[in-house]
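The values are calculated or read from the model by the stated rules, or taken from the named source; none is laboratory data. A quick note: this is a predicted structure, and the numbers were derived from the prediction, not measured. Here the Cβ is made from the backbone with ideal geometry for all residues, glycine too, and neighbour counts use every protein chain on show.
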């Protein structure tokens, strides 16, 4: 019982933490791209 | 003065959406855990448990339901991201349902379920849910800053 709980918990924990880290990196990347694109457009306009 | 500077520092890095999430969702979700800790602290004989799986299950459920609600009202541009987070939240809600059933079974029949392992499992899972919920609100606040 305890071993099953530890194994399931570890799998879910690794999946959850990995997904969270990936999601944060992806959000930062996306935010940076949008920010740069907005700045480029503003400069071209000026 | 120090309080004002500290608040300004928090305000710079955390947007309104994230502060609302921290107060209305995380703090409210932690009320069962905090209440139990308070009652445990003032009880004369410590017969009750300090940690209980059901409290952490409630915390996790609150986080994931608020995630689903927030994703539902988010802009339509990010369809794949919304689908992914909705699916993860639904999966976690089903895991919490199983955990809740296990904790109830453990209370009614202590020999059947190892209550301590279920408690630690739910604490770990609620921490993961907290991280996932943070990523959802982080993305929402960032997209709102851009638009």
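At-a-glance table
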| read-out | value |
| --- | --- |
| Cβ-Cβ under 6 Å pairs, at least 6 apart or on other chains, segment A:18-36 side within 23 Å of residue B:125 (Cβ to Cβ), far side at pLDDT 85 or above | A:20/B:131; A:20/B:132; A:20/B:135; A:23/B:135; A:24/B:135; A:27/B:138; A:27/B:139 |
| Candidate set from segment B:128-143 (those that are at the interface with another protein chain (Cβ under 8 Å from one of its Cβ atoms) and closer than 12 Å to residue B:59 by Cβ); member that is surrounded by the fewest Cβ atoms within 10 Å (Cβ to Cβ) | B:128 |
| Selection status of residue B:117, over 18 Å from residue B:140 (Cβ atoms), modelled with pLDDT under 90 and out of contact with any strand residue (DSSP E or B) (no Cβ under 9 Å at 6 or more places or on another chain) | yes |
| The lone exception for residue A:38 - which of (1) at pLDDT 85 or above; (2) closer than 20 Å to residue B:141 by Cα; (3) facing chain B (nearest Cβ under 10 Å) it fails | (1) |
| From the options B:117, B:103, residue that is within 14 Å of chain A (Cβ to nearest Cβ), free of Cβ contacts under 8 Å to residues at least 12 places away in the same chain and crowded, with 17+ Cβ neighbours inside 10 Å | B:117 |
| Only one of A:5, A:21 that is surrounded by fewer than 13 Cβ atoms within 10 Å (Cβ to Cβ) and within 10 Å of chain B (Cβ to nearest Cβ) | A:21 |
| Per-region count, segment B:44-67, residues surrounded by fewer than 18 Cβ atoms within 10 Å (Cβ to Cβ) and either within 13 Å of another protein chain (Cβ to nearest Cβ) or under 24 Å from residue B:137 (Cβ atoms) (or both) | 1 |
| Given (1) more than 19 Å from residue B:123 (Cβ to Cβ); (2) modelled with pLDDT of 90 or more; (3) surrounded by 18 or more Cβ atoms within 10 Å (Cβ to Cβ), number of the condition residue B:81 does not satisfy | (2) |
